[in-house]
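The block underneath contains the structure these notes are about, expressed in structure tokens.
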Amino acid sequence: MNNISQISIFEYREIENLGDLERLKIFFENIDDDKLCESLEKSRKNGRNDYPVRTMLNLIYAMKIFGHRSVESFRRELSRNSQLRIACGISEGKYKYCGDRKHLVPPARVFTGFLNKLKNCKKEIEEIFEGLVKFMYENLEGFGEDCAIDGKFLDTYASKNNTNKCNDNRAEHEATFSCKTYEMRDGSKKQEWHYGFIAHIICDAKYGLSIKSKVTPANNSEQTELDNLLKEMQNNDKEQYKLEKMKNLMGDAGYDNGSRNKRIKEEYNVNPIIDIVHRWDKTEKYREIENQPIAYTEEGEVLYIVDLNNYEKMKYLGYDKENNALRYTRYSTGKKIYRIPLETDYRIFTPVARDSKKFKKKYKMRTEIERLNGRIDRDYMFNDHFIRGQKKMELMLNLTFIVMLTIAKGHIKNKQENIRSLVA
């Protein structure tokens, strides 16, 4: 047994325990960005080469890994951290006095110009991301089978664009307002306003690694963008295998929609594990199923009607694929099987019954995308940033996912080598 292609255990927390320089070293050993470098070199042509493309790209990566919220704070880190400079390719010996003193640390304008060029390399950046996701599918057991979807607000901290006051890059010209409403347990509603953008993210619900994402203005519909993400995964030849492997898709109540549940199952063959919004009148506790002595609640609990005001909870037996229905029987008798077609109400009845242990277990896995959102804010400073514009926001988010996936790739490869050495 010399070939071990998959490992079944991967914890992102193991990466979080590593030091910044150690994570940077793992990243540089495993990143495959030659095409991106070539594209940036071509765009530079015969321009000045005081700071080579490879060096500048390494610095951008390092700024993400070291968790700096701005170029200036990262430049201060560079000026005092010689190990970081050397790791990124800044050699102190090559900078000599010749007339004006050359900057050892690239000026802020160099970072700005380089990031502007990087925004135009969307195709190359997507290819890097795709290659990393492909590695995860091939090396992590069960990767992509259980997925979670969420819309994460990326608030902007710039003033709203006002041409009378500011019409340059200090203002935000593309952000929009959005209001998210939460229904509390006591029936009251809480409103939360955001100004900026929203990242629509599909991640693996077992390992917490991103699979697909998209950045839009904050007022774009989460449900519409879910449709768009699934269509892109289905129509793109490179990503076709991803959607085919997906079995369950977990989402919060913001994605509650009967017709969408039906489409997710019928068009993509994926089980929607989506929370429900309470829309029934408070006085309506049950609804009866036509031609059957069965009633159900909005939470998906199924009951047998013994007689007036006497309801008995039924036993769930699983999904009947041939009839597209859920099977139930009475606990007391267990003889007759009753089938409830999903078309009765696609909001409430899903291929994995809402009142089943499997549904509850799978839905708990959705918390992995909350952890991913937390890492984006905490470790990569999206909760306090100076990013302006949708293109740059998308660039920085994609670079963040590339950093996370590349370090995960290096960590997995190290584990595989350790396992092989033990077996040998």
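The values are calculated or read from the model by the stated rules, or taken from the named source; none is laboratory data. What you see is a predicted model, and the numbers here were worked out from it, not measured in a lab. FYI the Cβ positions are ideal-geometry reconstructions off the backbone, even for glycines, and counts take in every protein chain you see. The accessibility values were calculated without ligands, DNA or RNA, using every heavy atom of the protein model including side chains. Shrake-Rupley method; radii C 1.70, N 1.55, O 1.52, S 1.80 Å.
With respect to the conditions (1) touching a strand residue (DSSP E or B) at 6+ places or on another chain (Cβ under 8 Å); (2) over 17 Å from K206 (Cβ atoms); (3) modelled with pLDDT under 95; (4) open to solvent by 10 Å² or more (accessible area, probe 1.4 Å), A424 falls short on a single one, namely (1).
When region 35-94 is limited to residues that are in contact with a helix residue (DSSP H, G or I) (Cβ under 7 Å, 6 or more places away or on another chain) and of a type in the set (S, T, Y), the one that is surrounded by the fewest Cβ atoms within 10 Å (Cβ to Cβ) turns out to be S43. Note on region 278-294: residues that are in contact (Cβ under 8 Å) with a residue 12 or more places away in the chain, open to solvent by 100 Å² or more (accessible area, probe 1.4 Å) and assigned to a loop (DSSP other than H, G, I, E, B) amount to 3. Looking at region 380-392, I want the residues that are under 12 Å from K64 (Cα atoms) and have a partner that is of a type in the set (V, I, T) and modelled with pLDDT of 90 or more with Cβ atoms under 7 Å, at least 6 apart or on another chain. Which pairs are those? Every condition considered, the pairs that remain are Y380/T400; F382/I376. Which of the residues that make up region 259-296 are among the aliphatic types (A, V, I, L, M) and within 24 Å of the chain's Cα centre (by Cα)? Correct list: I264, V270, I273, I274, I276, V277. If you check E244, E290, E312, which single one turns out to be acidic (D, E) and either under 22 Å from E145 (Cβ atoms) or at pLDDT 95 or above (or both)? From the options E244, E290, E312, the qualifying one is E244. Evaluation of I340 against the conditions (1) assigned to a helix (DSSP H, G or I); (2) modelled with pLDDT of 95 or more shows that the sole unmet condition is (1). For region 318-336, filtering for residues that are in contact with a Ser or Thr (Cβ under 7 Å, 6 or more places away or on another chain) and modelled with pLDDT of 95 or more leaves 0.
Looking at L372, L317, just one residue is open to solvent by less than 40 Å² (accessible area, probe 1.4 Å) and either part of a helix (DSSP H, G or I) or under 28 Å from D146 (Cβ atoms) (or both), and that residue is L372.
Per this entry, G254 is counted among residues that are under 16 Å from D150 (Cα atoms) and part of a helix (DSSP H, G or I). Evaluate the following for R347: is it touching a Gly at 6+ places or on another chain (Cβ under 7 Å) and surrounded by fewer than 17 Cβ atoms within 10 Å (Cβ to Cβ)? No; evaluated as a whole, the condition is false for this residue.
State yes or no: is L21 crowded, with 17+ Cβ neighbours inside 10 Å and either in contact with a strand residue (DSSP E or B) (Cβ under 8 Å, 6 or more places away or on another chain) or not charged (D, E, K, R) (or both)? Judged against the criteria, L21 is not a match.
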